[in-house]
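Report on one structure; see the data block that follows.
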Amino acid sequence: PGEPVNKITRSVREELGPLLDQVRSDDTVRAMVLISGKAGSFIAGADIDEFVALRSRDEALALIEDGQSLLSKFADLGKPTVAAIDGACLGGGLEAALACTYRIATDDPKTRIGLPEVQLGILPAAGGCQRLPRLIGLRRALDLILTGKQLPGKRARRYGIVDELVHPAILRMAANKAAQRLADGWRPRRGRGGLTDLALEKNPLGRKVVFSTARKQVRKRTGGHYPAPLAALRAVAHGLAHGVQAGLDMEAAEFAELAVGDVSRKLVQIFFATTALKKDSGVEGDAPPPKEIANLGIVGAGFMGAAIGGVAVSQAGVDVRFRDTDLQAVGRGLSASRKILQDRLKRRRIARPEYRRLERLLSGDTGWGGFGRADLVIEAVFEDIDIKHRVFRDIEAHTREDCVLASNTSTIPIARIAEGVEHPERIIGMHFFSPVEKMPLLEVIVTDTTADWVTATCVRFGQKQGKTVIVVNDGTGFYTSRIIAPYTTEAMWMLDEGVAIDAIDNAMTDWGFPVGPVLLSDEVGIDVGAKIAPIMVAAFGERMAAPPALEAVAKDDRLGRKNGRGFYLYEKGKRQGPDESIYQLIGSNTRRVIPKDVIQRRCSLVMINEAVRCLEEGVLRSARDGDIGAVFGLGYPPFRGGPFHTIDRLGADTVVAQLERLEEKHGERFKPAKLLKKHAKTGKPFSE
């Protein structure tokens, strides 16, 4: 009572266990319904605070055995049970439902069903690895267990997890009727799968093929950095080979190791940080109420503008009006936005009537019609300060005085953009990441003059779009662009020194990044990097400078993936191997080998050091925001927790010593930040 969601806490386990014993022993009770007293919330899972409090493997083992014991009482009640699911049914919540005889879920969009434990570095250990494969088949169960994906009620019904789907208004009635039928001896008939399932899942040889394929896919996806999916595979396989109880014992043993491991601790810290950011207004102290955004204007219907509009319509349901210089550009933008909606329709995230409704919210023109109604306008034009000044003067002239004016710039300081407007207090930065529909971060940039209500409005709008939002103070490159610049630039220095393209990229993907820094330059665009580089050097000096030989690459009409000519070769848009002709452009075809750990140290430490400078200079509000911004915006390895958690794990004194050795060999770009040296002396961690 009093909590927004239901969690399986110690007190819940202590209260529910005796109640189940009472139900079991009461002969007048013929069936039972498990239903929540909270509308829109079944069971969100176990209490993560209890995981954080674990200090040893033995404590973790005792915790999970307690949970297993409780859910075994559901399974062994001797009487049929019905799980009536409305809202979140996740982790331990789904495991409780799986221990029931029959499951009914609502068709409400808030109903989400899944086992997300691997996303916290653990595995479903209260029977999920045993009961789910037996219910829906091995391959479907592994798809959920190994990825942590969550299903809406309709898809859970198609998977076979849910037996019945109803409107929330009749959930209790439907559950009671199902309990009555079960009490009278009726049992549901469930599909046993097709010929493929029989061939692959119903015999040891077929299961061996399934497990071998799953293991390869997990290793490819995780790079071996995340032990939880492989542990879950072992628990599933052991249970199918030796029985449910043996599988439960394996689940508990694997959980006990994972729960106190470093990877799980880092992922749990990220979970808590993102949860806190969902409640963060972005304003210190008492935040003014955010303005409701119903009408969004976007100036620039190119790649980024179109994606921002498509996500705004699909996630926040706002009216979006595009403006661009010609109708063809507007048309392309509208088409790109619709593709985001079409993808949601194809994936059955929305029904066709909803698709048609949302599609009608998209419009555009070459004039300013409709912008007078806009509550927020986002500028998404070229990274040119003169163009942005002209655009913002026009926006200000065609919008209301209470309209928020935002720029999607990735490097130009917002204060410089605000120089050309009459009301700089309404100017703010909203830095989305590409692809907008997939990248979870939104970086909101505020200046000294940005009004608090403007900040609160943009943060809230970002959250409505499903984004994790960090607020940073203004400055060249803000936070994310500023720390990624030295990372990619260091790769260029190593190329200049004779290191191979794929050696650099492979080293950093092995370290945990989704792509290496050289490939990242191709993906972003070599021309974009060439435009950003002088801006960064002008602001921060020679430590941001790339080697002069790289100018030849930019001048050779190499734009990267977008024109099929970059550091890599491309055929019909698909990346092949490195383009070795680029070596001659930068000076020599001769390549030299340096140890992988040296590459990793150089690329990671310049980024980490720059992150500390951002905290030192007040660009970042906290180390927490720095970690989340790097993980969600730049692909920094989540199992490392972010730049500041990486420092704390290594020790600030160790990081300083490594930077000083690199500074001695390679120059000032490795000079340790003052704040980093301060923490090295005091031993104080960044991530408190």
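The values are calculated or read from the model by the stated rules, or taken from the named source; none is laboratory data. None of the values given here were measured: they were computed from a predicted structure. With ideal geometry, Cβ positions are generated from the backbone for all residues, glycine too; neighbour counts draw on all protein chains shown. When the accessible area is computed, the model is the full protein with side chains, heavy atoms only, and any ligands, DNA or RNA have been set aside. Shrake-Rupley method; radii C 1.70, N 1.55, O 1.52, S 1.80 Å.
Just a few scattered comments:
- Figure note: LYS79, LYS531, LYS572 ranked by solvent-accessible area, largest first, 1.4 Å probe, ligands and nucleic acids not counted: LYS572, LYS531, LYS79.
- Estimated distance in nm for a label pair at VAL5 and HIS167, the labels positioned 7 Å out from Cα along Cα-to-Cβ: 2.7 nm
- In terms of accessible area, using a 1.4 Å probe and ignoring ligands and nucleic acids, HIS242, HIS666 rank largest first as HIS242, HIS666.
- Using alpha-carbon coordinates, inclination of helix 596-616 to the longest axis of the chain, degrees: 80 degrees
- Lysines with Cα under 20 Å of LYS216, excluding same-chain neighbours fewer than 8 positions away: LYS149, LYS208
- In Å², nearest 10: area of PHE382 left accessible to a 1.4 Å probe: 150 Å²
- Note on SER56 and ARG352: the extension gain reaches 101.4 nm, defined as 0.36 nm multiplied by sequence separation minus the Cα-Cα distance.
- Taking every Cα-Cα distance in segment 540-688 and sorting them into 10 Å bins from zero, the calculated P(r) comes out as 10, 31, 31, 22, 7, 0 percent.
- For segment 222-289, the fraction of alpha-carbon pairs in successive 5 Å shells from zero, as %: 3, 15, 16, 15, 13, 10, 8, 6, 6, 4, 3, 1
- Kirkwood's formula applied to the C-alpha pairs of the chain gives a hydrodynamic radius of 27.6 angstrom.
- The alpha-carbon of LYS110 sits under 14 angstrom from the alpha-carbons of these aspartates and glutamates, leaving out residues fewer than 8 places away in its chain: ASP86.
- Euclidean distance of C-alpha centroids, segment 243-300 and segment 606-633, integer Å: 19 Å
- For segment 11-154, radius of gyration divided by Kirkwood radius, i.e. Rg to Rh on alpha-carbons: 0.96
- Ranking by accessible area, most exposed first, for LYS346, LYS149, LYS677, LYS216 with a 1.4 Å probe: LYS346, LYS216, LYS677, LYS149
- Measuring only protein heavy atoms, the 1.4 Å probe finds LYS177 accessible over about 120 Å².
- Separation between Cα centres of segment 420-436 and segment 581-605, rounded to whole Å: 37 Å
- Helices in the chain, meaning DSSP H runs of at least 4 residues, each add -39500 (n - 2.57). Divided by all residues, the mean residue ellipticity at 222 nm is -16000 deg cm²/dmol.
- Between the C-alpha center of segment 58-95 and that of segment 357-378 there is a gap of 49 Å.
- Relative contact order for the chain, counting Cα pairs under 8 Å that sit 6 or more residues apart, in percent: 9 percent
- Chain lengthening between ASP556 and THR213 when straightened (0.36 nm per residue, less Cα-Cα): 119.2 nm
- Here's the list of lysines a cross-link from LYS531 could span, going by alpha-carbon distance under 18 Å and ignoring same-chain residues fewer than 8 apart: LYS388, LYS555, LYS562.
- Residues ARG134 and ALA276, FRET efficiency given R0 of 30 Å [Cβ-Cβ distance, rounded to 0.05]: 0.20
- Gyration tensor over the Cα atoms of segment 595-644: the corresponding equivalent ellipsoid has semi-axes (square roots of 5 times the eigenvalues, largest first) of 20, 13, 7 Å.
- Separation of the alpha carbons by more than 18 angstrom is noted, of LYS79/LYS177; LYS596/LYS674; LYS154/LYS278; LYS279/LYS464; LYS73/LYS154; LYS346/LYS438, for LYS596/LYS674; LYS154/LYS278; LYS73/LYS154.
- Length-normalised contact order for segment 439-478 - Cα pairs under 8 Å, 6+ apart - percent: 57 percent
- Where both bridge residues fall in the chain, DSSP classifies roughly 20% of the beta bridges as antiparallel.
- Measuring with a 1.4 angstrom probe and ignoring ligands and nucleic acids, GLU284 comes out at about 140 Å² accessible.
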